[in-house]
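The values are calculated or read from the model by the stated rules, or taken from the named source; none is laboratory data. Remember, it's a predicted structure, so these values are computed and weren't measured experimentally. Positions of Cβ are backbone-derived with ideal geometry, glycine not excepted, and every protein chain shown enters the neighbour counts.
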Amino acid sequence: MTEPTVTSVANPRLKALVALRRRRVREQTGQTVVEGHEELALALAAGVRPHAVYVCAQLFSPAGRAGVQHIGRQAELLDRVRGEGIAVVHLSRPAFEKVAYREGADGLLALVDTVGMPLSALPVDRADPLALLAQGIEKPGNLGAMLRTADAAGADAVVAADPVTDWGNPNVVRASKGTVFAVPVAAAPTDEVLAWARGHDLRLVVTTPEADRLHTEVDYTGRVAVVVGSEKHGVDERMLEAATHRVRIPMRGKANSLNVSVAAAVVLYEALRQRTTR
């Protein structure tokens, strides 16, 4: 069966993909896009079933040996997609560039359902869960970077409290390298997040530059949630009051804080170190 080819940038399917750049449309449709071989491969491995995969073979051909290997991986992924009965739509280069949301597109883009689950469904019932709570994060790149770290550090869940961006933002998907589909995520108002944490007996380790204790001076074993705050203001008073421990990361230079995704990585890896050595 011949797979369809779209050449017109005015095609309604392409317009619908472009519209998903807006949060309101993502929330209304419950859909978003995944762009790139690595991101799409991880999404498939996590059990995501795209509604359709859009392909531009012209963008499959970087030069050199590494390029040949890359094309081979692209072809293998497409074979898997076809084998699962997922629709494949070919696009001309101008059509693909119309829907691509990043520079250096590699010719693969998929329409998928957005991610996220209720707080009550997050898998934190084992004896020693590790969660990351991120309050008021504005930049999709920071939220995505924290997801990559959470995945690498073995966190059980990531919760966005009062998020300014959403989990379906294509730049969250991109910055997370697709781990947004592998790590259980949820979003809720701060008060609901705190009630959920109390209900699951999670000790809150809250990062703040004003703390007296260093992040290495507390115990991260057992039932723990690491908490980081917004890029401008950090965590609010509700998080500080609910904290089991307030910690700071030592700063030897003139700046008084790290990028929020870096701060999350530093503390999560201290938690991983303690959990591994003990």
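Output yes when any residue across the stretch 149-160 is in contact with a Lys or Arg (Cβ under 9 Å, 6 or more places away or on another chain) and either buried (at least 22 other Cβ atoms within 10 Å of the Cβ) or of a type in the set (S, T, N, Q) (or both), and no when none is. The answer is no; no qualifying residue exists.
A single member of Asp162, Asp128 is touching a Gly at 6+ places or on another chain (Cβ under 6 Å) and without any contact (Cβ under 8 Å) to a residue 60 or more places away in the chain, and it is Asp162. With a requirement of 1 or more residues that are assigned by TED's automatic domain parsing to the domain that holds Pro140 and of a type in the set (Ser, Thr, Tyr), the helices (runs of 4 or more DSSP H) lying completely within the stretch 155-244 that satisfy it span 190-199. Based on this model, can you work out whether Ala134 counts as assigned by TED's automatic domain parsing to the domain that holds Ala225, crowded, with 18+ Cβ neighbours inside 10 Å and either of a type in the set (A, V, I, L, M, F, W, C) or modelled with pLDDT under 90 (or both)? In short, yes.
Criterion first (surrounded by 21 or more Cβ atoms within 10 Å (Cβ to Cβ), in the same structural domain as Ala46 (by TED's automatic domain parsing) and under 19 Å from the mean Cα position of the chain (by Cα)) does Ala100 satisfy it? Yes; evaluated as a whole, the condition is true for this residue. Residue pairs whose Cβ atoms lie under 8 Å apart, separated by 6 or more positions or on different chains, with the first residue in the stretch 218-242 and of a type in the set (D, E, K, R) and the second part of a strand (DSSP E or B), are Arg223/Arg203; Asp236/Gln135.
Of the residues making up the stretch 5-27, just one is more than 14 Å from Glu97 (Cα to Cα), surrounded by fewer than 11 Cβ atoms within 10 Å (Cβ to Cβ) and over 19 Å from the mean Cα position of the chain (by Cα), namely Pro12.
Only a single criterion out of (1) modelled with pLDDT under 95; (2) more than 16 Å from Ala155 (Cβ to Cβ) is not satisfied by Thr276, namely (2).
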